[in-house]
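Presented below is the structure to which this report refers.
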Amino acid sequence: MVSLGTAIPAGAEPADDIVERLEAIPGMTVLWERPSGAADYRFFMLSYRQPADHRRPQAGTFEQRFTLLHKDTGRPMVLHTSGYNVSERASRSEPTQLVDGNQISVEQRFFTPSRPQPADWSKLNIWQAATDHHRLVKALKPIYSAKWVSTGASKGGMTSVYHRRFYPGDVDATVAYVAPNDVVNSEDRAYDRFFEKVGSDPSCRERLKDVQHEVLERREEFVQRYKAYAEENGYTFDNLGNVDRALEATVLDVEWAFWQYSLESDCGQVPSADASTDDLWKFVDATASFSFYTDQGLEPYLPYYFQAGTQLGWPEPEFRYLKDVRRYPEIYRPRWFMPADLREQMRFDPRTMADIDRWVRRQGSRLMFLYGGNDPWGAEPFRLGPGTRDSLWYEVEGLNHSARLIERLPQQQREQAVGALRRWLGVGDVTTFQLKTVSPLDGHDELQDRRPPL
């Protein structure tokens, strides 16, 4: 067997050697291997033992899951930060496809089962998570010694930027998709401006607002229906307190969720305000999901809401058009989606995102940001600054919350983006390269699985 530090020529390792090399890493476990769907890739689920608190490594550990799409140790490695749970589905991100590389996709700390036990939620912060990724990169680089690029979409894109801020030398470049950047949490007028002009059809915007208003006008009827729906499905509302509060939170999500997941071509699906209660219920459920603000719907996303309420910030449009039918003016804040015991632990630090933004604008390098023009999460985006070097920023007109935006760029911008990525990773000329689906691993857009909210 080749020793851990020995370089292997591209394509030269024995068929089973990668498993042996991975298992030789202290703290690394290969949990399973499954078919990848492509002949030139192997697909693994692994776990890596991480300190629960990187400042006190002796104070307990947890197992952090990640998947590996292994192609060849001589190819670049893509560090895909999920920001949430890791998917057990094999798929290549756009950067992985573009550089024909290997890929690891990492489950964020505190998303089960990658959660310390007992869980000290004060250790769920962006530095601790970045240090998780730093240790994992350091462990794998003796095997995957070619260049590395990090990528992620939505909260995963944010996570990739935070990792670069604290450990800028871990990877050679970062490609962040639809990543919000809430620098000043209390200043959210950008979202109101976005919803006033999104798309090119004013009537679509108005119909969405009318649907929200009408459902809250018929509040008592919807509350009774929601109660019956919850009883039928075993749902409870301890976090939010009652079904009426959950209804209001769901209705507030309708406009946002429509533009996040749909295109302007879907505007014909928006019912009129005088539609039947059945039709309004079906539209709201299909758009925002009545199951989400139940305790059972919120539970998988509690780590996100905890971080939103302590460091990341959160969007809070004014919803002026609903002022006469709202009952709970503070309901659209993450603390109200948490169990009471965790809610009491949440204290927001306004310095955290300001620090990230300064780093991007003053010291960031080899960064690529991509946004969909009709995506509400792009209302407060990352921006390049006078100190940002060798970096690119794109917005794709008419697109929503998508993790596959390079392929939708106009040709000149697409060639520029692909050329920069391949230059950063040293994988050659791109003048004749065209991004297209070439295997079963390449057609999946993780953000179109309707994973609310980010």
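Criterion applied to ARG65, ARG109 was being open to solvent by 10 Å² or more (accessible area, probe 1.4 Å) and of a type in the set (D, E, K, R), and the one residue passing it is ARG65. Check segment 379-387 and report whether any residue there is aromatic (Phe, Trp, Tyr) and either within 21 Å of ALA129 (Cα to Cα) or free of Cβ contacts under 8 Å to residues at least 12 places away in the same chain (or both). Within segment 379-387 (the criterion being aromatic (Phe, Trp, Tyr) and either within 21 Å of ALA129 (Cα to Cα) or free of Cβ contacts under 8 Å to residues at least 12 places away in the same chain (or both)), the answer is yes, since at least one residue qualifies.
With respect to the stated conditions, PHE348 is over 20 Å from SER154 (Cα atoms) and either within 22 Å of the chain's Cα centre (by Cα) or open to solvent by less than 30 Å² (accessible area, probe 1.4 Å) (or both). Residues that are of a type outside the set (Asp, Glu), open to solvent by 30 Å² or more (accessible area, probe 1.4 Å) and within 27 Å of GLN108 (Cβ to Cβ) number at least 1 in the following helices (runs of 4 or more DSSP H) confined to segment 222-302: 295-298. Considering SER276, SER272, the condition of being over 29 Å from the mean Cα position of the chain (by Cα), on the phi < 0 side of the Ramachandran plot and in contact (Cβ under 8 Å) with a residue 40 or more places away in the chain is satisfied by SER272 alone. Within this structure, GLN117 fails the test of being open to solvent by less than 20 Å² (accessible area, probe 1.4 Å) and modelled with pLDDT of 95 or more.
Within the bounds of segment 321-335, is there any residue that is under 19 Å from the mean Cα position of the chain (by Cα) and under 30 Å from GLU407 (Cα atoms)? No: segment 321-335 contains no residue that is under 19 Å from the mean Cα position of the chain (by Cα) and under 30 Å from GLU407 (Cα atoms).
For segment 429-437, the criterion of being at pLDDT 95 or above and over 25 Å from ILE104 (Cα atoms) is met by no residue. Sort out which residues of segment 303-321 are closer than 25 Å to SER122 by Cα and part of a helix (DSSP H, G or I), and write them in order of number. If the condition is that a residue be closer than 25 Å to SER122 by Cα and part of a helix (DSSP H, G or I), then PRO303, TYR304, TYR305, PHE306, GLN307, ALA308, GLY309, THR310, GLN311, LEU312 are the ones that fit.
Check whether at least one residue in segment 342-357 is in contact (Cβ under 8 Å) with a residue 24 or more places away in the chain, closer than 30 Å to VAL149 by Cα and touching a Phe, Trp or Tyr at 6+ places or on another chain (Cβ under 7 Å), and report yes or no. Among the residues of segment 342-357, at least one is in contact (Cβ under 8 Å) with a residue 24 or more places away in the chain, closer than 30 Å to VAL149 by Cα and touching a Phe, Trp or Tyr at 6+ places or on another chain (Cβ under 7 Å), which makes the answer yes. In segment 26-37, the residues that are closer than 18 Å to LYS71 by Cα reach residues that are open to solvent by 50 Å² or more (accessible area, probe 1.4 Å) and not in a loop (DSSP other than H, G, I, E, B) with C-beta atoms within less than 7 angstrom, at least six apart or across chains, in these pairs: VAL30/GLU23; GLU33/ARG42; SER36/ARG42.
The values are calculated or read from the model by the stated rules, or taken from the named source; none is laboratory data. Bear in mind the structure is a predicted one, so any value in this text is a computation, not a measurement. Because the Cβ atoms are built from the backbone with ideal geometry, glycine has one as well, and the counts that use them run over all protein chains shown. With ligands, DNA and RNA removed, areas are computed over all heavy atoms of the protein, side chains included. Shrake-Rupley method; radii C 1.70, N 1.55, O 1.52, S 1.80 Å.
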